[in-house]
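The values are calculated or read from the model by the stated rules, or taken from the named source; none is laboratory data. Nothing here was measured: the structure is a model prediction, and the numbers come from that model. With ideal geometry, Cβ positions are generated from the backbone for all residues, glycine too; neighbour counts draw on all protein chains shown.
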Amino acid sequence: MSNLISLIIPVFNAEKYLSECIDSVLAQTYKNYEVIIVNDGSTDKSEDIINCYGKKDKRIHAYHKLNGGVSSARNYGINVASGDYICFIDADDIIESIYLETLYLGLQGKCDSSVGGFKYINVPKEKEIIVVPQNNEIKNLNNSILDFLDYEKPDWQRYMVNRLFKMSVINNHQIRFREDIFYKEDGLFLINYLCASNGLVGYTNKVIYYYRQNPDSALGSVNRKFNKRLLTNIDAHLLIINAIKEKHLPKTTIEKARTHAFLSCAWISDILKETNSQNLYYSIILEIKSFRILGPTRYLKWKTALFAKLFK
């Protein structure tokens, strides 16, 4: 018999799209799976929808908890999962019927994880981008992390909802989502997992995931205003850099991680400039984080270059 896969869906006020999401999950061609739905304190009709599906299909296991955020809900799901493998789906998205089958075959009997393509939905027609790996192949740890760090390539390489993970790697290394990090917590989880695994990732060039662009989501509102939780994005970057260092990957890979961490600092700084309240306090915190990312020498060079521009 094929391995049991645990499919985790964190839910918070997702009544609008939840049924469509669950229906797509129940239509899988790969049959040996369980569905763990974690209701994270929803105040809409999500709980009723989840309970209704739970009564209809024994593969669905419904859990209800106080609101703790998406990382808390995903961790809850990991803790109760029974599968040999695990994957995560957002409650407002849809998966292809071949989602689990494709990811499972993508392991090719040797990889600790696999990744497939996706398509953006709920966007203007001209932005309905289909994004898939170029080839069916296996990549090593360094190349997979370089894909993650390559911001010139499409986002599918930084998402985790289009991936399959091995439960033994997660549990043996106690990999969980950081509940004190609110932005890029999924990227941190992914990097921690890749570094703890055998490093082999199976790539498949099939579209298996439909990602709904929701302007009301946390990410959808990031660019509108500053909030202090946004600074945890930099904390995630720092932890990612440390994880890469510990694997003794090439210096070029580490430098690429530093560059993107610093670019995130600059991005948050631009948002902060448009915020009137407590501007100075958070600017100082951001400056300290920039120093930690760059180190003394790079930081001094950066500041020197800035001052030189001012006095030109």
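Results, tabulated for the structure shown:
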item: Residue match in the range 43-53 (condition: touching a residue at least 24 places away in the same chain (Cβ under 8 Å), of a type in the set (D, E, K, R) and more than 29 Å from Phe182 (Cβ to Cβ)); result: no
item: Lone qualifier among Ser46, Ser42 - being crowded, with 21+ Cβ neighbours inside 10 Å and of a type in the set (Gly, Ala, Ser); result: Ser46
item: When residues of the range 253-270 are limited to those that are among the polar types (S, T, N, Q) and modelled with pLDDT under 95, the one surrounded by the most Cβ atoms within 10 Å (Cβ to Cβ); result: Ser264
item: All positions within the range 92-104 that are closer than 14 Å to Met160 by Cα and part of a loop (DSSP other than H, G, I, E, B); result: Asp93
item: Conditions (1) within 20 Å of the chain's Cα centre (by Cα); (2) in a helix (DSSP H, G or I): number failed by Pro10; result: (2)
item: Candidates Ser114, Ser82, Ser71 - the one that is in a helix (DSSP H, G or I) and not hydrophobic (A, V, I, L, M, F, W, C); result: Ser71
item: All positions within the range 117-131 that are outside any loop (DSSP other than H, G, I, E, B) and either among the charged types (D, E, K, R) or at pLDDT 95 or above (or both); result: Lys119, Lys125, Glu126, Lys127
item: Residue check, Ala62 surrounded by fewer than 22 Cβ atoms within 10 Å (Cβ to Cβ), hydrophobic (A, V, I, L, M, F, W, C) and not in a loop (DSSP other than H, G, I, E, B); result: yes
item: Hits in the range 97-119 - residues which are within 19 Å of the chain's Cα centre (by Cα) and either outside the structural domain of Val25 (by TED's automatic domain parsing) or buried (at least 19 other Cβ atoms within 10 Å of the Cβ) (or both); result: Tyr99, Leu100, Leu103, Asp112, Ser113, Ser114, Val115, Gly116, Gly117, Phe118
item: Residue in the range 213-238 that is modelled with the lowest pLDDT, counting only those that are surrounded by 18 or more Cβ atoms within 10 Å (Cβ to Cβ) and either closer than 24 Å to Gly117 by Cβ or of a type outside the set (Asp, Glu) (or both); result: Phe226
item: When residues of the range 191-208 are limited to those that are in contact with a Leu (Cβ under 9 Å, 6 or more places away or on another chain) and assigned to a strand (DSSP E or B), the one farthest from Lys247 (Cα to Cα); result: Ile208
